[in-house]
Every structure is written in structure tokens, then in C-alpha cells.
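A.B. asks: Below: one structure in C-alpha cells.
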Amino acid sequence: MTEISPLDADTAARLAPLVAIGCSSGATVIGLSAVRRTKKLAYVLLDDQVAQGTQRELAQLSRFGTQILQLPSMATVAQAFGRTDVKVVGIKRGALAQGIAAKLAAQE
């Protein structure tokens, strides 16, 4: 499943405030159903505990230019926007996605 890239917990914690801002602006979609319905996603963040079949399904989004990032736990990211039950988050293309790309590039 090379379409899914691992993301360490420290980097995920640095992205959490950006994802939370995206929830307010509408640039973030929360939950598997919302991610399935949304076109033109730049990123999908998914919890390591998501079922293998769902991981394979989400990995298919990479064919459309979506980068799939797997976190050891979505807890830190979800808590940033006041939730605890989230396992999948999508980031729409745009300014937020560019900010996330910049943070990820700074980590390399």
C-alpha cells in the first residue's frame, strides 16, 4: 500500500492547529462518509486503526492527486477541533492544503 505515507505523531501535532482552522473555514471535511463524497481533496489524514479495506479504498484517492497520510493516532488532531471520535479527515485543495504542504516540506 505505497499510496499511504506514514506521518509521525510530532508532525501530526504540528498540523493539528491548521486542521482546526480548516474546520472553521470549511476547508476540512470530517469523517469517512464526508471524505467519500468530497472531490478534489489535497490530503486525507487517517488513523492507524482504520480497517484495511477502508485504507485500500482511501489509497485509491491517490490516483486523483490526493496525498494519504496515516497517523499513529488521530486523537491530537481531532482534539484540536473539539472531537474525539474522528478517524478520517480530508483537506480540500486551497490555501489550507498549501499551508500543510509547507509544514510537511519543513519537516523533510
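Values in this text are rule-based calculations from the coordinates and carry no lab data. Since this is a predicted model, take the numbers as computed values, not measurements. Don't worry about glycine lacking a Cβ; one is built from the backbone with ideal geometry, like all the others, and counts go over all protein chains shown.
A.B. asks: Could you work out the relative contact order of the chain, using alpha carbon pairs under 8 angstrom and six or more residues apart, expressed as a whole percent?
C.D. replies: Numbers: 173 pairs, mean separation 46.3, N = 108.
Computed value for the chain: 43 percent relative contact order.
A.B. asks: Pull up the DSSP beta bridges for the range 4-107 and report the antiparallel fraction as a percent, rounded to 5. Display every interim value, and only then the final one.
C.D. replies: Details: 8 of 16 bridges.
Of the beta bridges lying entirely in the range 4-107, close to 50 percent run antiparallel.
A.B. asks: Given the peptides 22-35, 48-61, arrange them by the average over their residues of other C-beta atoms within 10 Å, most packed first. Please report the intermediate quantities before stating the final value.
C.D. replies: Working: 22-35: 17.0, 48-61: 14.2.
In descending order of packing, they fall as 22-35, 48-61.
A.B. asks: Also, quick follow-up: Within 15 Å, Cβ to Cβ, of residue 77, how many net charges do the neighbouring residues add up to if Lys/Arg are +1 and Asp/Glu are -1? The partial results should precede the final answer.
C.D. replies: Working: positive: 14, 83, 87, 103; negative: 8, 10, 47, 48, 85.
Within the 15 Å Cβ shell, the charges total -1.
A.B. asks: How much length is gained on full extension from residue 40 to residue 13, taking 0.36 nm per residue of separation minus their Cα-Cα distance? Don't jump to the answer; show the numbers that get you there.
C.D. replies: On the way: separation 27, 0.36 × 27 = 9.72 nm, distance 2.42 nm.
7.3 nm is the gain from fully extending residue 40 to residue 13.
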